[in-house]
Amino acid sequence: MAEEGTSRKTRTVVALVAALAFAFATGCGVGGDEGGSGSRAINWYVFNEPGGSYDKAVADCNKDAGGKYQINYVKLPTDANQQRELIVRRLAAEDKDIDLIGMDVIWTAELAEAGWILPWEGENKTAATEGKLEGPLKTVDYQGKVYGIPFTSNTQLLWYRKDKVDPPPDDFTWDEMIDAAIKNGTAVEVQARQYEGLTVWINSLIAGAGGQIVTESGDVKVNDTAKTAAEIESKLGTSKAAPPGMSTNAEDQARQGFEAGRSDYEVNYPFVYPSAAEVGKDFQKNMGWARYPRSVKDKESRPPLGGINIGVSKYGETPDLAFEAAKCIANEQHQGDAAELGGLPPTTEAVYETQQVKKAYPFADLLRQSIETAAPRPVNPAYSDISLAIQKTYSPPDGIDPNGIVQQLRDRIEKAVEGKIF
């Protein structure tokens, strides 16, 4: 693309004007002023959780509210980009119909900087932060204020075939894993399509080497750790350990490749474990788990960090009730339900000690440790453009040049945080 171009901020203004027109044309309405039995409606916009845990949380909280409020579960599209687009359009239009937002962990800075969500203060802040794991807490913090309550989290583990390879040591590196796969004539499953999953991978590789991409204030921190990440990606992408279609593979393709037996190693989210039970009677039994691989030998790995936080809209008419409803949805019981029914790990440390979670996750201790030390993606209002810059720089995995990638990434990240085309 051209080095200079129209500012994204200018295009954003145009988009917001269009959003306002869209909002008024559609009436913005979903839930109305009241829920059932004359109670105040609290509309919670969040993705459709197919396991039923979100439905259960809503039903429980509505029962406990005793008519004070009635939560409406407004299910967003499956696609993450479409979810964000819908939420941004409505908040930009100051839509009063939104009370609560199920926020992807990467949305915090953008929504907070725009002034679209309220900070959690006083007793609400205590409820949002007390007992939470350090990783999820970082995802609700923006410029020293808390802008959401951590509800569910997620991270990746290293999954391997116990019947085919030795258990990985604690300091197992990506280089060692790739070499082992080549030696065994097998592959390593990753997410390398040009999408958010690629950003997740590269961010963890950089953080695992001791680096950072950009601060929330926009200070670009790209250094030689970006080259380390590129060397790992390129080594896998150009080796015999690269799975078929690596440059187009996402989470589900990685799962399918592992289940099909083409790979002895896979980095992926915990959803792959219950799926393994459907493959055959011995497949899940022979599925081992370990800490996410290290980028460099002398530094602990920094696994990916995902999840959903609940934010309170600035434009809802009853914010006090919205805060109360959010705290109910995100309580410890509902975190346990989300783990059991939806495969979504908790954000509160104590929940990992419950029998409900231990039964759902035999690897609960490792999962908790991984989330605690995970690497958040950049908490920055320009995150969407930062992610695109990373994806463009590191794709495709078999076609990148590690030697020139530091300056290339730095230039693109600088343009991204300035709102310029890169």
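Scan the stretch 122-134 for residues that are touching a residue at least 12 places away in the same chain (Cβ under 8 Å) and either part of a loop (DSSP other than H, G, I, E, B) or open to solvent by less than 60 Å² (accessible area, probe 1.4 Å) (or both) and jot them down.
Selection gives N124, A127, A128, T129, G131, K132, L133.
Determine if the stretch 58-67 includes at least one residue that is β-branched (V, I, T), open to solvent by less than 20 Å² (accessible area, probe 1.4 Å) and over 22 Å from the mean Cα position of the chain (by Cα).
yes
Out of L100, L76, which single residue is surrounded by fewer than 22 Cβ atoms within 10 Å (Cβ to Cβ) and under 25 Å from A382 (Cα atoms)?
Being surrounded by fewer than 22 Cβ atoms within 10 Å (Cβ to Cβ) and under 25 Å from A382 (Cα atoms) holds for just one of L100, L76, which is L76.
Evaluate the following for T373: is it out of contact with any His (no Cβ under 8 Å at 6 or more places or on another chain), closer than 25 Å to L205 by Cα and crowded, with 23+ Cβ neighbours inside 10 Å?
No: the conditions fail for T373.
If I ask for residues that are assigned to a helix (DSSP H, G or I) and touching a strand residue (DSSP E or B) at 6+ places or on another chain (Cβ under 9 Å), which ones from the stretch 86-119 would you list?
Passing the criteria: L86, I87, R90, L91, V105, I106, W107, T108, A109, L111, A112, E113.
Of the residues that make up the stretch 274-283, is at least one open to solvent by 10 Å² or more (accessible area, probe 1.4 Å) and touching a strand residue (DSSP E or B) at 6+ places or on another chain (Cβ under 7 Å)? Spell out the reasoning first.
Here is the first cut: in the stretch 274-283, the residues open to solvent by 10 Å² or more (accessible area, probe 1.4 Å) are 274-275, 277-283.
Within this subset, residues satisfying the condition of being touching a strand residue (DSSP E or B) at 6+ places or on another chain (Cβ under 7 Å) are none.
Looking for residues that are open to solvent by 10 Å² or more (accessible area, probe 1.4 Å) and touching a strand residue (DSSP E or B) at 6+ places or on another chain (Cβ under 7 Å), one finds none in the stretch 274-283, hence no.
Residue by residue, here is whether (1) in a loop (DSSP other than H, G, I, E, B); (2) closer than 30 Å to G115 by Cα holds:
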| residue | (1), (2) |
| --- | --- |
| E300 | yes, no |
| V312 | no, yes |
| E324 | no, yes |
| K327 | no, yes |
| Q333 | no, no |
| K359 | no, no |
| D365 | no, no |
| I371 | no, yes |
| P378 | yes, yes |
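If you scan the stretch 120-153, which residues turn out to be in contact with a strand residue (DSSP E or B) (Cβ under 9 Å, 6 or more places away or on another chain), of a type in the set (K, R) and more than 20 Å from G343 (Cα to Cα)?
Correct list: K125 only.
Based on what the data block shows, is E266 part of a strand (DSSP E or B), under 22 Å from the mean Cα position of the chain (by Cα), buried (at least 20 other Cβ atoms within 10 Å of the Cβ) and among the charged types (D, E, K, R)?
On the way: part of a strand (DSSP E or B): yes; under 22 Å from the mean Cα position of the chain (by Cα): yes; buried (at least 20 other Cβ atoms within 10 Å of the Cβ): yes; among the charged types (D, E, K, R): yes.
So E266 fits the description; yes.
Suppose we keep only residues that are among the small types (G, A, S) and on the phi < 0 side of the Ramachandran plot within the stretch 251-263. Which one would you say is most open to solvent (accessible area, probe 1.4 Å)?
Of the residues in the stretch 251-263, the ones among the small types (G, A, S) are 254, 257, 260-261, 263.
If we keep only those that are on the phi < 0 side of the Ramachandran plot as well, we get 254, 257, 260, 263.
Values: A254: 0, G257: 3, A260: 84, S263: 0 Å².
Ranking the qualifying residues of the stretch 251-263, first place goes to A260.
Residues of the stretch 82-94 being crowded, with 23+ Cβ neighbours inside 10 Å and in contact with a Cys (Cβ under 9 Å, 6 or more places away or on another chain), which ones?
Hit for the stretch 82-94 is R90, nothing else.
The values are calculated or read from the model by the stated rules, or taken from the named source; none is laboratory data. On a predicted model such as this, the values are computed, not experimentally measured, just so you know. Positions of Cβ are backbone-derived with ideal geometry, glycine not excepted, and every protein chain shown enters the neighbour counts. Note: accessible area is taken over every heavy atom of the protein model, side chains too, but ligands, DNA and RNA are not part of it. Shrake-Rupley method; radii C 1.70, N 1.55, O 1.52, S 1.80 Å.
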